[in-house]
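Some notes on the structure that comes next.
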Protein chains: 2
Amino acid sequence: MMPSPNDSASTSLRPFWAVIPAGGAGTRLWPLSRKARPKFLLPLLDQRSLLQVTADRLQELAAPERTLVVCGGAHAAAVARQLPALPDENILVEPCPLGSGPAIGLAAAIIARHDPEAVMGSFAADHDVRDPAAFLAAVRVAIAAAEQGWLVTIGLTPSRPETGYGYIERTDEEVVLSAEGTAFRAAGFVEKPDRERAEAYLASGRFLWNASMFVWRTASFLAELARLQPELHVGVTRIAAAWGTPEQETVLAEVWPTLPPSTVDVGVMERAERIAVVPAEMGWSDVGDWHGLGALLESDQHGNAAHGPIIQVDTTDSVVWSDAGRLVALLGMNNAVVVDTPDALLVADRSRAQEVRALVDLLAGAGRGDLT
Amino acid sequence: MMPSPNDSASTSLRPFWAVIPAGGAGTRLWPLSRKARPKFLLPLLDQRSLLQVTADRLQELAAPERTLVVCGGAHAAAVARQLPALPDENILVEPCPLGSGPAIGLAAAIIARHDPEAVMGSFAADHDVRDPAAFLAAVRVAIAAAEQGWLVTIGLTPSRPETGYGYIERTDEEVVLSAEGTAFRAAGFVEKPDRERAEAYLASGRFLWNASMFVWRTASFLAELARLQPELHVGVTRIAAAWGTPEQETVLAEVWPTLPPSTVDVGVMERAERIAVVPAEMGWSDVGDWHGLGALLESDQHGNAAHGPIIQVDTTDSVVWSDAGRLVALLGMNNAVVVDTPDALLVADRSRAQEVRALVDLLAGAGRGDLT
């Protein structure tokens with residue numbers, strides 16, 4: 001019997017698995033984030049790293065035995081040390097980065113071998129959530145919808161006409177309605193809009209930010225993957241079949257590099273049949289750049305947000321990160337970003353925070369890849 | 001026979017002594033300059049420190065045996081090591097700073113005991129001169145005037161309506177006229193002017209910047225000191241009488257703290273009888289703040305002057321000093337100052353460079369005097 005939309009979302013019987021794709025360097029947080037020590041490994045807003053806080057947040061839904069992290073080889077040791085409760089075999093190490101499609105596809109195929117009935121959720125390792133209770137409530141609603149066979153996205157209620165994110169449009173069709181929230185059938189995914197369109201999205205109340213938070217039955221997802229990306233489906237199924245056997249490394253090394261790079265968003269979700277979305281407000285941020293990180297740090301009465309000791313004269317709305325605790329003195333600055341690390345120092349106009357990537361590209365081109 | 005104004009300036013017979021008052025912290029160059037390592041000890045524009053370059057510049061006129069440095073006890077060792085050719089006894093160590101009046105007064109009294117007929121010149125330890133030949137020519141003209149009994153100032157031909165310096169007004173009366181330059185009788189010293197007055201000074205062609213470069217017969221100077229500051233004259237004469245005897249330290253410790261603090265400019269020159277000025281252009285700078293130092297450093301086509309490695313995107317007219325050679329990355333900055341030292345980092349609007357002192361005061365008040 002299919003549950004009706006009015007059923008409670010808290011009666012899940014299937015085991016829930018959490019997947020944390022830990023990719024991406026967080027280049028716009030250079031010079032703090034580096035290839036060798038990307039954003040998700042950094043303690044930016046808490047004593048613990050973004051990855052650790054993400055795992056903490058999911059603990060109530062999935063025990064460490066049912067939590068998988070997918071990461072690159074360069075970060076496997078750091079992931080293992082930051083998450084000591086995670087079994088070794090739950091750290092899936094990609095031979096090379098191919099995007100979230102292969103990463104999440106492999107995780108789904110491995111989970112399906114353990115437990116064909118599982119519901120899984122995938123949540124980026126480097127986002128911040130100020131209201132974890134709201135996050136958990138949304139995930140529970142998403143799980144209830146997933147159990148009905150929907151591929152579910154948790155969509156963030158937009159707080160500004162953001163042009164840097166993709167959106168999900170919802171319909172009025174309620175898939176799950178519970179005290180904790182509602183899952184709607186989604187009308188579709190839309191790409192990053194221009195400013196005018198973003199303002200219309202915000203005004204409509206029907207568009208949610210896509211933060212790539214997905215919940216589904218692995219069986220539902222793998223069926224759509226087989227239909228939409230058959231080559232990828234065959235590949236991850238082959239690797240998963242060898243997983244935990246003596247052939248694991250050989251098969252992974254042979255098959256992985258042949259998989260087509262893709263994201264789950266474009267490869268599956270944008271074209272899947274039964275897509276639902278759970279609108280949620282959870283104090284979410286992708287901690288994408290120094291402007292955004294500054295907005296999350298506590299600021300003084302002049303709007304200056306500082307990590308580390310500062311003194312200032314006539315300085316406003318600036319962001320300072322002094323990693324080594326060195327004193328930063330500011331005079332007559334407005335809307336500045338200052339990031340102090342042992343081997344590189346960034347001074348930027350805060351309104352240009354998104355362009356930090358250009359500096360990193362310059363460095364790489366100038367033979368200073370050691371600093372990237 | 002008094003030489004006529006048309007005599008050559010190059011026929012000095014009296015020995016010339018050079019005095020280098022090495023006081024002042026150069027607070028506006030914080031965080032590079034510190035109380036313990038003031039501006040004059042720093043290699044800012046050359047491989048050698050401003051003090052070393054000052055001594056080098058004077059070498060042609062005065063051998064090390066006839067060069068005196070007056071400094072504080074905290075800097076005596078550094079001065080001795082930076083100027084190895086200077087005899088130990090030529091480093092006069094003030095028990096406490098009292099301004100240039102007592103410092104130069106004591107030096108004059110000690111020189112007078114060695115050589116009552118001496119001509120001496122006093123030149124700050126922390127100024128920069130891009131054209132040393134022009135400097136030497138001006139000093140030779142000043143010496144010729146000094147031999148006639150004038151108290152001579154070398155005045156810098158102003159290049160802008162500067163409100164931060166005092167000025168000397170010249171008359172048309174030529175005291176010395178030589179191929180190397182002219183000494184004029186001075187009409188008087190004037191305090192730092194307002195903007196309007198500074199522009200009038202610049203337009204007149206009769207006002208020179210006072211950089212406290214003085215040349216005189218010690219006898220002439222001491223006679224004026226006795227007349228204008230009798231208490232100071234008695235004090236330095238008493239100390240000089242004990243100089244080189246077993247009582248030197250006792251007398252210095254007893255008398256020095258009783259001397260009235262003063263500057264030579266205010267205490268003597270502004271009220272002296274026979275004042276002359278030698279106008280000169282020598283590419284002079286007092287290297288007073290980061291804006292001024294930036295103007296002396298080589299800059300790229302975007303107007304950025306850097307000491308140390310930088311990369312930049314859309315950054316103009318900025319000054320960067322990276323003392324430890326750490327990379328400084330700049331994005332979208334204009335007219336910024338960035339000074340990177342091991343324990344403190346300054347980021348300032350270049351147009352506020354003069355106010356760096358306020359940050360240093362703040363630090364001292366906040367119990368971080370260790371960084372000043």
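One residue alone among B:Val347, B:Val356 is modelled with pLDDT of 95 or more, over 22 Å from A:Leu362 (Cα atoms), in contact with an Asp or Glu (Cβ under 8 Å, 6 or more places away or on another chain) and at the interface with chain A (Cβ under 9 Å from one of its Cβ atoms), and that residue is B:Val356.
Scanning segment B:222-279 for residues that are of a type in the set (Lys, Arg) and in a helix (DSSP H, G or I) gives B:Arg227, B:Arg238, B:Arg271. Residues in segment A:167-182 that are crowded, with 17+ Cβ neighbours inside 10 Å and within 25 Å of the chain's Cα centre (by Cα): A:Tyr167, A:Ile168, A:Glu169, A:Arg170, A:Val175, A:Val176, A:Glu180, A:Gly181, A:Thr182. With respect to the conditions (1) over 16 Å from the mean Cα position of the chain (by Cα); (2) at pLDDT 95 or above; (3) not aliphatic (A, V, I, L, M), B:Ser100 lacks only one, and its number is (1). The residues of segment B:295-326 that are of a type in the set (Gly, Ala, Ser), out of contact with any helix residue (DSSP H, G or I) (no Cβ under 6 Å at 6 or more places or on another chain) and over 14 Å from B:Val347 (Cβ atoms), listed by number, are B:Ala295, B:Ser299, B:Gly303, B:Ala306, B:Gly308, B:Ala324, B:Gly325. Annotation: B:Val313 fulfils all but one of (1) among the hydrophobic types (A, V, I, L, M, F, W, C); (2) surrounded by fewer than 22 Cβ atoms within 10 Å (Cβ to Cβ); (3) more than 7 Å from every other protein chain (Cβ to nearest Cβ); the unmet one is (3). Does A:Asp265 satisfy being facing chain B (nearest Cβ under 8 Å) and either closer than 24 Å to A:Phe214 by Cβ or touching a Pro at 6+ places or on another chain (Cβ under 9 Å) (or both)? Against the criterion (facing chain B (nearest Cβ under 8 Å) and either closer than 24 Å to A:Phe214 by Cβ or touching a Pro at 6+ places or on another chain (Cβ under 9 Å) (or both)), A:Asp265 does not qualify. Looking across segment B:33-66, just one residue is in contact with a Ser or Thr (Cβ under 6 Å, 6 or more places away or on another chain), more than 21 Å from B:Ile104 (Cα to Cα) and of a type in the set (A, V, I, L, M, F, W, C), and that is B:Leu42. Report yes if some residue within segment B:156-164 is modelled with pLDDT of 95 or more, surrounded by 20 or more Cβ atoms within 10 Å (Cβ to Cβ) and either assigned to a strand (DSSP E or B) or among the acidic types (Asp, Glu) (or both); otherwise report no. Checked against the condition, which is being modelled with pLDDT of 95 or more, surrounded by 20 or more Cβ atoms within 10 Å (Cβ to Cβ) and either assigned to a strand (DSSP E or B) or among the acidic types (Asp, Glu) (or both), segment B:156-164 yields at least one hit. Taken over segment A:183-196, the residue count meeting the criterion of being over 9 Å from A:Tyr167 (Cα atoms) and surrounded by 14 or more Cβ atoms within 10 Å (Cβ to Cβ) is 5.
Determine, yes or no, whether B:Gly72 is under 30 Å from B:Pro230 (Cα atoms) and in contact with an Asp or Glu (Cβ under 6 Å, 6 or more places away or on another chain). Can you show your working first?
Numbers: under 30 Å from B:Pro230 (Cα atoms): yes; in contact with an Asp or Glu (Cβ under 6 Å, 6 or more places away or on another chain): yes.
Here the answer is yes, as B:Gly72 does meet what is asked.
Taking (1) surrounded by 16 or more Cβ atoms within 10 Å (Cβ to Cβ); (2) closer than 30 Å to B:Val347 by Cα; (3) modelled with pLDDT of 95 or more in turn, B:Gly24 satisfies each apart from (3). Sort out which residues of segment B:203-228 are of a type in the set (A, V, I, L, M), touching a Lys or Arg at 6+ places or on another chain (Cβ under 7 Å) and surrounded by fewer than 20 Cβ atoms within 10 Å (Cβ to Cβ), and write them in order of number. Hit for segment B:203-228 is B:Leu228, nothing else. Here the condition is being over 22 Å from the mean Cα position of the chain (by Cα), of a type outside the set (A, V, I, L, M, F, W, C) and either surrounded by 14 or more Cβ atoms within 10 Å (Cβ to Cβ) or not assigned by TED's automatic domain parsing to the domain that holds A:Val278 (or both); of A:Glu247, A:Glu199, A:Glu231, it holds for A:Glu199 alone.
Would you be able to tell me the number of residues in segment B:318-335 that are more than 7 Å from chain A (Cβ to nearest Cβ) and not in a loop (DSSP other than H, G, I, E, B)? Residues in segment B:318-335 being more than 7 Å from chain A (Cβ to nearest Cβ) and not in a loop (DSSP other than H, G, I, E, B): 5 in total.
Just one of the numbered conditions (1) of a type outside the set (S, T, N, Q); (2) more than 10 Å from every other protein chain (Cβ to nearest Cβ); (3) over 24 Å from the mean Cα position of the chain (by Cα); (4) more than 20 Å from A:Val328 (Cα to Cα) is not true of B:Gly288: (3). Can you tell me which residues in segment B:352-370 are farther than 11 Å from A:Ala329 by Cα and more than 24 Å from the chain's Cα centre (by Cα)? Listed by number, the residues that qualify are B:Ala364, B:Gly365, B:Ala366, B:Gly367, B:Arg368, B:Gly369, B:Asp370. Please determine, by comparing only the residues of segment B:359-372 that are in contact with a strand residue (DSSP E or B) (Cβ under 9 Å, 6 or more places away or on another chain) and outside any helix (DSSP H, G or I), which one is farthest from the other protein chains (Cβ to nearest Cβ). Here the residue is B:Thr372. Of the residues making up segment A:317-331, those that are within 31 Å of the chain's Cα centre (by Cα) and either of a type outside the set (Phe, Trp, Tyr) or surrounded by fewer than 22 Cβ atoms within 10 Å (Cβ to Cβ) (or both) are A:Asp317, A:Ser318, A:Val319, A:Val320, A:Ser322, A:Asp323, A:Ala324, A:Gly325. A Cβ distance below 9 Å, combined with a sequence gap of six or more or placement on separate chains, defines the contacts here; from segment A:84-99, residues that are assigned by TED's automatic domain parsing to the domain that holds A:Gly244 reach residues that are surrounded by 14 or more Cβ atoms within 10 Å (Cβ to Cβ) and basic (Lys, Arg) in the pairs A:Asn90/A:Arg66. If we scan segment B:294-314, do we find a residue that is in contact with a His (Cβ under 7 Å, 6 or more places away or on another chain) and not polar (S, T, N, Q)? Yes, segment B:294-314 contains at least one residue that is in contact with a His (Cβ under 7 Å, 6 or more places away or on another chain) and not polar (S, T, N, Q). Using the structure shown, decide if B:Asp300 is away from every other protein chain (no Cβ under 12 Å) and either at negative phi or basic (Lys, Arg) (or both). When the stated conditions are applied, B:Asp300 passes them. Only a single item in (1) within 8 Å of chain A (Cβ to nearest Cβ); (2) out of contact with any helix residue (DSSP H, G or I) (no Cβ under 7 Å at 6 or more places or on another chain); (3) over 22 Å from B:Asp46 (Cα atoms) is not met by B:Val338, and it is number (3).
The values are calculated or read from the model by the stated rules, or taken from the named source; none is laboratory data. On a predicted model such as this, the values are computed, not experimentally measured, just so you know. Because the Cβ atoms are built from the backbone with ideal geometry, glycine has one as well, and the counts that use them run over all protein chains shown.
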